[in-house]
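The structure appears right after this line, and notes come after that.
Just so you know, all these numbers are worked out from the coordinates, no wet-lab data involved. Remember, it's a predicted structure, so these values are computed and weren't measured experimentally. Quick reminder, even Gly has a Cβ in these numbers, built from the backbone with ideal geometry, and neighbours come from all protein chains shown.
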Amino acid sequence: MILRRVTIYFLILFVLVGVGIFAYSNDLINRLENEYRSISQAYAEVSSAIISAVTRGDVQLDVLREITDSLGRMLKFPAIVVSADGRQIECRNLPGGLQPVDTASRLAVLRLAAEMDEENDPIPLVERRVHEPTGKVQERLVALLHYSSPEIIATLSWLPVVGIAFILVFGGLGLIANHRFRAAEQQAIWVGLAKETAHQLGTPISSLLGWVELLQEDPAAIAKVHPEMTRDVKRLE
């Protein structure tokens, strides 16, 4: 009984620990993703402000290339910047060091950008100009920033899986152990019952065997033996 209680307590403990790991890791991943999303938004705002201060389009893209390079070195998360016309592609920290050096690699980078968009919406990098006569701000799309979570978040994303596996493995072991403890208890009970039954049966049976042996030696003793045998038979019943 004590072992059974200990097993149940350990099972509850493992479940609580697993749930704690799952909840904490999910919260940590969400916070990191939000942080990188905020950084990307800030990068987009800064880039848009710098682009808006430059008049020439080629210089805008050169500035964008420098900002992307600096961002990639500092933050280490995969990023792809594609100009609005699709002719210029800047990328940093892509898997395998992928770079758009030829047609095949450019297509591979664009496919990767589309995959990134499934995880995070691309951020527009715009040029803002004030229309003098009306004073209205006009925006022109210069490029799109495609990005995904850094490798550390991808690694941390396995923590919930580890937590669930922790619960399943140790919970399953706990259930198996609890089942075996219960089976052992039941077996001990049956063994005790069998011993007690054997003891209760053994006494009248031994007595009956003795009366039978006595009758074989002295058949005339039936009148004396009959009541004793009847009593032993009733005990067996």
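At q = 0.10, 0.11, 0.15, 0.17 Å⁻¹, what log₁₀ I(q)/I(0) does the stretch 82-237 have when each alpha carbon counts as one equal point scatterer in the Debye sum? Values returned for q = 0.10, 0.11, 0.15, 0.17 Å⁻¹ are -0.73, -0.78, -0.97, -1.06. Within a straight-line Cα-Cα reach of under 14 Å, Lys76 can be paired with the following aspartates and glutamates, leaving aside sequence neighbours fewer than 8 residues apart in one chain: Glu33, Glu35, Glu151. For the listed peptides 29-35, 79-85, 218-224, a ranking on the average number of other beta carbons within 10 Å per residue, highest first, reads 79-85, 29-35, 218-224.
With a 10 Å radius around each residue's Cβ, average the other Cβ atoms per peptide and rank 86-94, 10-18, highest first. Could the numbers behind the result be given before it?
Working: 86-94: 17.1, 10-18: 15.4.
Top to bottom by mean Cβ count within 10 Å: 86-94, 10-18.
Bridging of Lys224 to lysines at a Cα separation below 28 Å is possible for Lys234, once same-chain residues fewer than 8 apart are set aside. Length gained on full extension, Leu13 to Asn30: 3.5 nm, using 0.36 nm per residue less the C-alpha separation.
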